[in-house]
1. Separation between the residue 50 and residue 454 pseudo-spin-labels, each 7 Å from Cα along Cα→Cβ, expressed in nm?
2. Under 13 Å from a point 7 Å along the Cα-to-Cβ line of residue 360: which residues of the range 39-56 have their amide N that close?
3. Express the Stokes-Einstein translational diffusion coefficient of the range 314-403 in µm² s⁻¹, to the nearest whole number, given a Kirkwood radius over alpha-carbon pairs, 20 °C and a viscosity of 1.002 mPa s.
4. For residue 470 and residue 157, compute 0.36 nm times the residue count separating them, minus their Cα-Cα distance, and round to one decimal in nm.
5. With just the Cα atoms of the range 415-496, tell me how far they stretch along each of the three principal axes, in Å, largest first.
6. Whole Å is fine, so just give me how far the alpha carbon centre of the range 208-281 lies from that of the range 357-422.
7. PRE reach from residue 310 (point 7 Å along Cα→Cβ): which of the range 338-357 fall under 16 Å by backbone N?
8. In degrees from 0 to 90, rounded to the nearest 10, what is the angle of the helix 363-375 Cα long axis to the longest principal axis of the chain?
């Protein structure tokens, strides 16, 4: 026997001793309580007992860690966030897997897997895209939209009853009267399509039209979520190939707002094709027979601010998802520094939803969060459990003077005018010859700030108002002085005379 035959025999014997070879692509399915079957994919490579590769989910690819294959059993981890790892383990045959998924946040679940053929695609056939044109303005949200979204707090644990409770809480807390009008259902509401292709909600939402009627009866509006891909980020049914049909269904239900998340469209289209992809739904919403706010969610790819309006968008995400920490919040805010000129009434840069009240930032950081979003003319979409708010959270989310800055009808986004070390000053022009001045301390220590109006190119100050402390400051002072706590902020309004 030559050395190559000896090597082949050794490898074959090792495979028999160690268990089934798992290299290749696998289709995973997980049955969930709402009646859906969620689908993800594994792309594995095995060397001896070591298994590497990636998990392909709706919104991208995740690396596999700690992968082991021994005696017909496989185990591996998938990092989701720092300190948060999904763990899979179970049995493997030549063509099938029987796994248990352990999710420290949600529990344990059975998952089945089937080996895919070498030429089998994880994406459906590519559909042609329309020629580019400018989608007609729908005339909505002349000031940044305000409301609430389910994802930041509830993620997939959202249902009809909870949405009704949120609507009640928005009214009872005073948030509706403060301007928070949209109640937006994020991912995990969708069920399956019937024989004619119509989308139906899953068991968690037994009657979407009745839910919309309830929300409307409270003086609020209802929002929903989908994807231009075949699947949403969480693996639910998307709108791929059903744009016109879904837009009309949403209109029939009474939907007022659509968040449209790129997700699995990345398996079919290139980033530079996004405008045409989003244009399809922009046109469909215009033809749906109902005014529906159009929120583009594709993480700022392909400089969306330059074409979001042309695709029919009322707002467009300019960043990755926000997290409930100061680093993420400030990073999303800072990303708006050079794109202010693209914001205007009806069309807004969106640094993502508010985390105020979710518990992982300090009160000063949450006030900075609200201050930044106000000076950026950003959508104010709360993401906390509004049924259980502290007075401090209420005070931040419902400060009428700060909200008035965000909702200023001039519709101009603020820009960074001054930066020294960890201290930044942003200025937003307001209607009636006024200006909002936001001072931020991005550092970990207290910061004393002294800034003259002339340093900001401002003269003729007639009045100065501290919007967080609700009191007037001396208008005659040429210098504004404030001491800010770590990651704290100040927001003042100047009235300028000419």
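1. Between residue 50 and residue 454, the simple spin-label model gives 6.7 nm.
2. It comes to no residues whatsoever.
3. Working: Rh = 13.3 Å.
Here the translational diffusion coefficient equals 161 µm²/s.
4. Values: separation 313, 0.36 × 313 = 112.68 nm, distance 3.81 nm.
Computed gain between residue 470 and residue 157 is 108.9 nm.
5. 36, 23, 21
6. 27 Å
7. 342-343
8. So the inclination is approximately 80 degrees.
Computed from the coordinates by the stated procedures, all read-outs in this text should not be read as laboratory data. No experiment lies behind these values; they were computed from the predicted model shown. Heads up, the Cβs are rebuilt from the backbone with ideal geometry, glycines too, and the neighbour counts pull from every protein chain shown.
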